[in-house]
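Report on the following structure.
The values are calculated or read from the model by the stated rules, or taken from the named source; none is laboratory data. Since the model is a prediction, treat every value here as computed from it, not as a measurement. Positions of Cβ are backbone-derived with ideal geometry, glycine not excepted, and every protein chain shown enters the neighbour counts.
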Amino acid sequence: MAPPKRSPHPIERPPKGMAVPRNWGLMQGGIPYRPHGPVRPGDTRPQEDWYTVAEKFSVGVKELIYFNFMTDDPDVVNWYLKRYVGCVKVSPSGNNWMFSNSANPGIIYIPPADHDPIDFEAEDICVWTPNDAKTFLMRLFALAQGMKGYKGQRIKKLVQVILNAGYPACLDLWYYNDMVISVYVDIKEGNAKRREMIKATRGAFPFSGESGVYGQQGSEERHRGMWQIHPVRSLFTDSCGAFNAQAMKDRLESIDEEMYRGWHELDMVSAKSSQGGGSAFGEMVWDFINHVRLLSEDEKHLYWAFSQ
């Protein structure tokens, strides 16, 4: 029986979601290094591989591979080695591409001594290039234009703020946690409780950090009771290089709904005030309401979606 025929090339598989940019290691402050191999038969120089390079520079093998490609999946690493490093020689096993002097450009990157630790447990790592992020934002903008009604009008303004901020600044856009707002403005709560909720900023606006209020639903920031919710971060994380129009539409509507609930809580306080019960809420509540109203007048803030 004839032995099984070996594939002429290693198995390659493109990364899930988006590939890291070329020269990713260089962008992270890595040191360029060209692993070598024998130039010709009889050459006594050793063939370098991931293990020998890692030992040479006193880094972990997995750390070295992750630093370059943000994965250590053998098939995905082969994909990067062929396209980014330019490997042309196959390992003796036939399973992997190997370093050689004929690889073009043949460069990998060594982690600098002060680089941040790599999270090897992350299941999905998504890297956005500026052009990919710009395309994603433009698709988000186009999607919002087709949304109708009062909700659609708010979402259009919301996305406009995101687009104007651009990437990566848009990742820092935020709104207040509706669950935390409802507790803070609750007429039954006293100022002692409110002061405890805003101790992270010592009462200074804008409020941030943990409020001490916890829930069961929504994003991690919401159920942990963080004052600020950063919705654009989850938009990018959830899409990770792909654009599902229906999923994005649902997510935008969910963001609007959370913002609306918080805004409505403040409207209810104003409504009670017009009926003669506003004084019961106290100065801390009214200062917060005025603060949020001012945010809605700022075209660079997500609350601008609720401006008149």
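Considering only the range 206-226, state which residues are of a type in the set (Asp, Glu) and in contact with a Gly (Cβ under 7 Å, 6 or more places away or on another chain).
Going through the range 206-226, the residues of a type in the set (Asp, Glu) turn out to be 210, 220-221.
Selection gives Glu210 alone.
Look through Val53, Val77 and report the one residue that is outside any loop (DSSP other than H, G, I, E, B), under 28 Å from Asp238 (Cα atoms) and modelled with pLDDT of 90 or more. Break it down stepwise before answering.
Details: Val53 fails: under 28 Å from Asp238 (Cα atoms).
Exactly one of Val53, Val77 is outside any loop (DSSP other than H, G, I, E, B), under 28 Å from Asp238 (Cα atoms) and modelled with pLDDT of 90 or more, namely Val77.
Conditions (1) modelled with pLDDT of 90 or more; (2) outside the structural domain of Asp172 (by TED's automatic domain parsing); (3) within 19 Å of Ile162 (Cα to Cα), marked per residue:
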| site | (1), (2), (3) |
| --- | --- |
| His230 | yes, no, yes |
| Asn244 | no, no, yes |
| Ile255 | yes, no, yes |
| Arg261 | yes, no, no |
| Leu266 | yes, no, no |
| Ser273 | no, no, no |
| Phe288 | yes, no, no |
| Glu299 | yes, no, yes |
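Could you list, in sequence order, the residues of the range 190-221 that are buried (at least 17 other Cβ atoms within 10 Å of the Cβ) and either more than 23 Å from Ala305 (Cα to Cα) or in contact with an Asp or Glu (Cβ under 7 Å, 6 or more places away or on another chain) (or both)?
Of all residues in the range 190-221, those buried (at least 17 other Cβ atoms within 10 Å of the Cβ) come to 194, 197-198, 207, 211, 213, 219, 221.
Listed by number, the residues that qualify are Arg194, Met197, Ile198, Ser211, Val213.
What pairs come out if I take residues in the range 125-150 that are part of a loop (DSSP other than H, G, I, E, B) and pair them with residues that are loosely packed, with under 13 Cβ neighbours inside 10 Å whose C-beta lies under 8 Å away, six or more apart or interchain?
Cys126/Thr237
Please give the number of the condition Leu171 fails out of (1) among the hydrophobic types (A, V, I, L, M, F, W, C); (2) within 20 Å of Asp256 (Cα to Cα); (3) free of Cβ contacts under 8 Å to residues at least 60 places away in the same chain.
(3)
Can you name the condition, by its number, that Ile31 falls short on among (1) within 30 Å of Thr129 (Cβ to Cβ); (2) in contact with an Asp or Glu (Cβ under 9 Å, 6 or more places away or on another chain)?
Result: Ile31 passes all but (2).
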